[in-house]
Amino acid sequence: MYNKRMKNILLLTLFIITLHSKEFTNALQFETSPYLLAHKHNPIDWMPWGEKAFLKAKKEHKAIFLSLGYSTCHWCHVMEEESFSDKKLAKIFNKYFVSIKVDREEMPHLDALYQEVYLKMKHHSGGWPLSMFMTPQKKVFYAGTYIPAHKQSYSEGLDTLISRLGKKYQKNDAKFQNELEELQNIINAKTVYETAENTDISVKTLSESLKENFDEIYSGFGSGRKFPEAAKLSLMLDIAEITNDEELYDYAYEMLDVMVLRGLYDQVEGGFFRYTVDAAWEIPHYEKMLYDQAELIPIYVRAYLKTGKKLYKDVVVETIKMLDARYVKNNLYYSASDADTKHEEGAYFIFSKNELKGSGVEYVENFEGKMHLNIYDDARPKNFKSMRKKLLKVRAKKEYPFIDKKINTAWNSLMIEALYSASLLDKKYKIKADKTLKALTKLMFKNYELYHQTIIGIAPKQKGLLEDYSFFIGALIASYEVSYDKDKLDFAEYLLNHANSKFYKKGIWYLNDDKLHIKAGLIDKYYTSPLSKMLQNIINLASLKASFRYEKLALTTLELQVDALKYKQSDAPALAKAYLMQKLKVTTLKSKKKNLLKNKYQIKKINYPYVLTKEEKYDDYLACTLRLCFSKDKNLKTVIKAIDSKRRW
């Protein structure tokens, strides 16, 4: 009886605590996105993106506050805790604005649109959280990223900003209308690449651009904080192979080394953080994104095959092992893990002086009074394995950061392609890739439609975006090249034609097929541009399917992007790769399946980056471009020599 009474008291206490902690509930409670659900008890009357929110704003004569972020974003958490949970600020937000919360991973096309708006307004790139203030007609009149709750040296505080902007919109005087019109002219202005007319685009100009952009002091791209920029690294290796440029090879390997040995890489459990906040790769922003792991794995596989350097192989094995331990369920991959543990950035990953005792690691305080582990030598120390074993025991006592358990089609597809690449090192990765491809297809391909993302156990509802089709097609082509299962190639072709009908209108590719009409862009900094990846797919399928129709589609698309490429050069690396694939020509190596599988290592080591393999019935090896077969022999070495020597630049 006593136990039952105590149990009832405990349940009542928990109920009261729950009621108190959930004093407010808004419309985000009905969403599935972990990021949106994290804001469902904010006192702000958040609404998801949709017509209902804009109609409400029009009816109530309120402006729109649009906040875009994602669930593993540190500064998104900070803004949620200090501002969006503040009752006083919420009261002002609710008085003047209809507030819309967007998960940028759920709607990357919408994020791309407003990042472009921010860039045009501020003349520099934005980030997350992204904070946009606009009319119910979607005309932006103020843009920011993270905005503090109260005034700081670098920014006005929300406590004064939102009331000022709200009153400004409601007053709607001639001055506001003039400012609004001027801003829309800036936002809607077509980008003109003035210098493009007098600029060439070639292997030479791209090589010069890569070298000019390379930080020779710290090894990376740019002089500020460092992102891995996998697409740019891939282009650098392409051009190094095409031109046999030792300087580019040196730059690439230096960067690959420093990314693993310094702070970007988790020395204890493996895997890459999203970027470092400093130029020297020492202190990371502690998120781990699936797409970073997926895009870097093939580059390290490629570097290992070229150099035989054990470190590169170790990185591949460690990164996949980390993902298996933290990210995999039902053969599918979660999206990301957080930077924070219990509101403390990097808490899981950094070590105190006391925690490092007996580990063999010299304590160097470099982050928030603790140490983030870097290796400052050119190789891992001899005691690395024993050191890591001891540090794993320290971490075992800590709470791992929040994991975003969304299953994202595009990012899983990138990971599938990475696993097929890693299968050159161990055949178990092919088995793993096959399982993930099968599971992803079953979950995300319904009634001949591809879907974007969901949570395991919930049927997907959001139809696929250009990025889902682009990366899924890439995964299918990779699958074909390790198994020569024709069904995979046919599936890729189906998805290409479906994507063409959905996203390609009058020569322009769009990120989605909705009313927003958001054009696909060329940014590769975070992960490869879906447009550029689609172009690579089209060129590859043109070669594998001997299709002049696909070639024409590629040429038409490239023609509209060439001015941008001339201007951006290596700052649009995935597009540059597609351009070189078309200009220099993809070579398809054809033979019997058993011949191709038996010699897969030799084929992958060919010193020309744009080589595909295709199963045919004959026993000879045949090397062909789309219009010309230029070498045929029973001896593979003879054909490889012909491919190697066919420098087309």
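The values are calculated or read from the model by the stated rules, or taken from the named source; none is laboratory data. These figures come from a predicted structure and were not determined experimentally. Please note: Cβ atoms are built from the backbone with ideal geometry, for glycine as well, and neighbour counts cover all protein chains shown. Side chains included, ligands, DNA and RNA excluded: accessible areas come from the protein's heavy atoms. Shrake-Rupley method; radii C 1.70, N 1.55, O 1.52, S 1.80 Å.
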**Asked** Dipole size in debye (nearest 20) for the range 226-354 around its Cα centre, Lys and Arg Cβ +1, Asp and Glu Cβ -1?
**Response** 520 debye
**Complete:** Rounded to two decimals, the Rg over Rh value of the range 250-291 from Cα coordinates and the Kirkwood Rh reads 0.96
**Prompt:** Based on DSSP, what percent of beta bridges with both residues in the chain are antiparallel, to the nearest 5?
**Reply:** 75 percent
**Förster radius 35 Å - calculated FRET efficiency between L560 and Y494 (Cβ-Cβ, nearest 0.05)** = 0.90
**Prompt:** Looking at the range 387-480, which trypsin sites (Lys or Arg not before Pro) are DSSP coil and have at most 12 other C-beta atoms within 10 Å of their C-beta?
**Reply:** K397, K427, K461
**Item:** Value of Rg/Rh across the chain [Cα atoms, Kirkwood radius]
**Value:** 0.98
**Message:** Per residue, how big is the convex hull of the range 50-208 when only Cα atoms are used? Give it in Å³.
**Reply:** 163 Å³
**Among Y291, Y249, L261 the positive-end extreme of the charge dipole of the range 202-296 (Cβ point charges)** = Y291
**Request:** Could you let me know the centre-to-centre spacing of the range 52-88 and the range 270-325, using Cα atoms, in angstrom?
**Result:** 34 Å
**Positive minus negative residues near W128 (Lys, Arg vs Asp, Glu; Cβ under 9 Å)** = 0
**Request:** With θ set to phi - 60°, apply the Karplus curve 6.51 cos²θ - 1.76 cosθ + 1.60 along the range 434-446 and write out the HN-Hα couplings as whole Hz, x wherever there is a Gly or Pro.
**Result:** 4, 5, 5, 4, 5, 5, 5, 4, 4, 7, 10, 10, 10
**Burial ranking of peptide ranges 549-556, 183-190, 572-579 (average Cβ count within 10 Å, highest at the top)** = 572-579, 549-556, 183-190
**Request:** Can you figure out the FRET efficiency of F30 with F176, using R₀ = 35 Å and their beta-carbon distance, to the nearest 0.05?
**Result:** 0.50
**Asked** What is the Cα centroid distance between the range 572-586 and the range 181-241, reported in whole angstrom?
**Response** 15 Å
**Request:** Would you please report the Å³ per residue occupied by the convex hull of the alpha carbon atoms in the range 566-649?
**Result:** 96 Å³
**Message:** Under the 0.36 nm per residue contour assumption, what length would be gained going from the current alpha-carbon distance of E399 and E246 to full extension?
**Reply:** 50.6 nm
**Prompt:** Just the Cα atoms of the range 292-387, one point each, no solvent: what log10 I(q)/I(0) does Debye give at q = 0.16 Å⁻¹?
**Reply:** -0.95
**Message:** In the range 390-422, whose amide N lies under 19 Å from the spot 7 Å out along Cα-to-Cβ of K463? List them in ranges.
**Reply:** 409-410
**Asked** Of all the accessible heavy-atom surface of the chain, with the other protein chains kept in place and a 1.4 Å probe, what percent is carbon and sulfur?
**Response** 52 percent
**Complete:** With all protein chains present and a 1.4 Å probe, the order of E368, E241 from largest accessible area down is E368, E241
**Complete:** What one gets for the range 134-289 as the Kirkwood radius, inverse of mean 1/r over different Cα pairs in Å, is 19.8 Å
**Request:** Can you bin the range 48-136 into rounded, prolate or oblate? Criterion: square roots of the alpha carbon gyration tensor eigenvalues sorted a ≥ b ≥ c, rounded for a/c under 1.5, prolate for a/b above b/c, oblate for the rest.
**Result:** oblate
**Prompt:** In square angstrom, what is the accessible area per residue of the chain with a 1.4 angstrom probe?
**Reply:** 46 Å²
**Item:** Under the Karplus curve 6.51 cos²θ - 1.76 cosθ + 1.60, θ = phi - 60°, whole-Hz ³J(HN,Hα) for the range 143-160, x wherever Gly or Pro sits
**Value:** 9, x, 10, 6, 10, x, 5, 10, 3, 10, 4, 9, 6, 5, x, 4, 4, 9
**D200 accessible area, 1.4 Å probe, all protein chains in place, Å² to nearest 10** = 90 Å²
**Item:** Helix-derived mean residue ellipticity, 222 nm - over the chain, DSSP H n ≥ 4, -39500 (n - 2.57), to 500
**Value:** -15500 deg cm²/dmol
**Item:** Three-way shape label, the range 404-556, alpha-carbon gyration tensor, a/c 1.5
**Value:** oblate
**Message:** Ordering I431, I643 by accessible area with a probe of 1.4 Å, largest first, what comes out?
**Reply:** I431, I643
**Prompt:** Using a Förster distance of 51 Å, how high is the FRET efficiency between S223 and K604, based on the Cβ-Cβ distance and rounded to 0.05?
**Reply:** 0.90
**Asked** Can you list the residues, at least 5 places off or on another chain, whose amide H is less than 5 Å from the amide H of Y142, using H built in the peptide plane?
**Response** F133
**Prompt:** How big is the charge dipole of the range 532-649 about its Cα centre, in debye rounded to the nearest 20, if each Lys and Arg gets +1 on its Cβ and each Asp and Glu gets -1 on its Cβ?
**Reply:** 460 debye
**Prompt:** In the chain, with Lys and Arg counted as +1 and Asp and Glu as -1 at Cβ, which of these residues, Y429, Y218, N354, has the Cα nearest the positive end of the dipole, that is, farthest along it?
**Reply:** Y429
**Item:** 15 Å cut-off, amide nitrogen to a point 7 angstrom out along Y376 Cα→Cβ, residues in the range 255-274
**Value:** 261-263
**Within the chain: Cβ-based charge dipole about Cα centre, in debye rounded to nearest 20 (Lys, Arg +1; Asp, Glu -1)** = 2260 debye
**Request:** Could you pull out every residue, at least 5 positions away or on a different chain, whose amide H is within less than 5 Å of the one on I407? Hs are placed 1.01 Å off N in the peptide plane, and Pro or chain starts have none.
**Result:** T454, I455, I456
**Asked** log₁₀ I(q)/I(0) of the range 268-340 at q = 0.25, 0.28 Å⁻¹, via Debye over equal Cα point scatterers, no solvent, to two decimals?
**Response** -1.18, -1.27
**Request:** Report the residues of the range 271-287 in range of a label on Y154: point 7 Å along Cα→C-beta, backbone N strictly under 13 Å from it.
**Result:** 277-278
